[in-house]
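The values are calculated or read from the model by the stated rules, or taken from the named source; none is laboratory data. Note that the structure is a prediction, hence the values are computed from the model and not measured. Cβ atoms come from the backbone with ideal geometry, glycine included; neighbour counts cover every protein chain shown. Calculation scope for accessible area: heavy atoms of the full protein, side chains included, ligands and nucleic acids excluded. Shrake-Rupley method; radii C 1.70, N 1.55, O 1.52, S 1.80 Å.
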Amino acid sequence: LSQAGKEILIKAVAQAIPAYTMSVFKLPDTLCDEMTAMIRAFWWGQSNGKNKMAWLSWDKVCTPKEMGGLGFRHLKSFNLALLAKQGWRLQTNTHSLVSRVLKARYFPHTDFLQAELGSKPSFAWRSLIAAQCVVREGCRWQIGNGDSAWIWHDKWLPRPSSFRPTTPPNTLPRDAKVSSLLAKLTGKWRSDMVKQIFMQDDSDVILSMPRNHNQAADRLVWAYTPRGTFTVRSA
């Protein structure tokens with residue numbers, strides 16, 4: 001096969017076969033390393049029963065094509081991204097059957113982001129907990145009435161760097177909610193208060209966030225897609 005043929009075969013077969021299992025269970029690292037070694041040996045080829053020299057590190061080969069790589073999947077990261085998709089569903093689609101079953105068993109008094117491993121967990125739950133950090137890293141609050149998001153602790157600004165204010169806590173208490181920055185009757189930002197509390201970079205971002213009279217409750221959105229919907233690629 002040519003290198004192009006090998007690329008297609010690896011992506012369509014070798015890295016696609018375990019995708020269904022990876023979406024439910026976290027594969028052992030040793031198994032991922034074994035599969036990666038087989039794929040890497042096939043990609044670089046063999047001569048007289050010996051593997052040919054690898055001219056690039058596998059991490060560089062796995063980088064996206066727009067960044068100079070070939071877009072091969074890093075199996076461990078891909079596994080966590082698929083599990084994070086299930087975790088995101090547990091966090092946002094709380095009425096589904098699997099969400100209600102797992103919540104009753106493992107986190108009855110909190111949500112998935114705050115859930116713990118618990119006692120005698122199943123292998124599936126252990127796998128989901130392993131991807132919990134990915135969900136935490138990628139979600140942020142979309143501000144509605146501001147009653148759910150903490151000003152100094154939560155990620156609620158539409159700014160890709162940290163999604164949090166860079167202004168250190170000052171006049172407002174550490175447990176202040178975003179609702180304290182909003183006018184109760186109109187739901188608009190209290191611009192004088194925002195400019196007084198936050199540095200200019202933060203205040204400009206806050207005041208640029210659109211507001212209207214009828215604001216629903218705050219909701220969690222995925223921070224790394226324009227529409228706020230979860231995608232495995234962005235994870």
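If you take the residues of region 11-44 that are more than 24 Å from Leu128 (Cα to Cα) and touching a residue at least 24 places away in the same chain (Cβ under 8 Å), which of them is surrounded by the most Cβ atoms within 10 Å (Cβ to Cβ)?
Here is the first cut: in region 11-44, the residues more than 24 Å from Leu128 (Cα to Cα) are 11-13, 37-44.
So of that shortlist, the ones also touching a residue at least 24 places away in the same chain (Cβ under 8 Å) come out as 11, 38-39, 42-43.
Values: Lys11: 15, Met38: 12, Ile39: 21, Phe42: 15, Trp43: 19.
Selected residue: Ile39.
Which number in (1) in a helix (DSSP H, G or I); (2) open to solvent by 60 Å² or more (accessible area, probe 1.4 Å) marks the one condition that Trp55 misses?
For Trp55, the exception is condition (1).
Only residues that are closer than 23 Å to Pro173 by Cα and in contact (Cβ under 8 Å) with a residue 24 or more places away in the chain: list them for region 197-218, please. Steps first, answer last, please.
From region 197-218, those closer than 23 Å to Pro173 by Cα are 197-207, 209, 217-218; that's our starting set.
Scanning region 197-218 gives Ile197, Phe198, Met199, Asp201, Asp202, Val205, Ile206, Met209, Ala217, Asp218.
If the requirement is being open to solvent by 60 Å² or more (accessible area, probe 1.4 Å) and out of contact with any Phe, Trp or Tyr (no Cβ under 6 Å at 6 or more places or on another chain), which of these qualifies: Met193, Met199? Talk me through it step by step, then tell me what you get.
Working: Met193 fails: open to solvent by 60 Å² or more (accessible area, probe 1.4 Å).
Just one listed residue meets the conditions, Met199.
Contact list please: Cβ distance under 7 Å, first residue in region 66-84 and closer than 15 Å to Cys32 by Cα and open to solvent by 30 Å² or more (accessible area, probe 1.4 Å), second residue among the small types (Gly, Ala, Ser) and not in a helix (DSSP H, G or I), pairs at least six apart or on different chains.
Leu80/Ala131
Within region 1-53, which residues are more than 26 Å from Leu80 (Cβ to Cβ) and among the hydroxyl-bearing types (Ser, Thr, Tyr)?
Answer for region 1-53, where residues must be more than 26 Å from Leu80 (Cβ to Cβ) and among the hydroxyl-bearing types (Ser, Thr, Tyr): Ser2, Ser47.
State whether the residues of region 152-160 include one that is open to solvent by 80 Å² or more (accessible area, probe 1.4 Å), part of a loop (DSSP other than H, G, I, E, B) and modelled with pLDDT under 90. So that I can check it myself, show each step before the final result.
To start, the set of residues in region 152-160 that are open to solvent by 80 Å² or more (accessible area, probe 1.4 Å) comprises 153, 160.
Checking which are part of a loop (DSSP other than H, G, I, E, B) leaves us with 153, 160.
Filter once more, so that each one left must be modelled with pLDDT under 90: 160.
Taking every residue of region 152-160 in turn, at least one turns out to be open to solvent by 80 Å² or more (accessible area, probe 1.4 Å), part of a loop (DSSP other than H, G, I, E, B) and modelled with pLDDT under 90.
Would region 115-127 turn up any residue that is closer than 23 Å to Lys11 by Cβ, modelled with pLDDT under 95, assigned to a loop (DSSP other than H, G, I, E, B) and more than 17 Å from the chain's Cα centre (by Cα)? Even if it seems obvious, please write down each step before you answer.
Start the filter on region 115-127 by keeping residues that are closer than 23 Å to Lys11 by Cβ, which leaves none.
No.
Which residues, taken from region 202-235, are open to solvent by 30 Å² or more (accessible area, probe 1.4 Å) and either on the phi > 0 side of the Ramachandran plot or of a type in the set (Lys, Arg) (or both)?
Scanning region 202-235 gives Arg211, Arg219, Arg227, Arg233.
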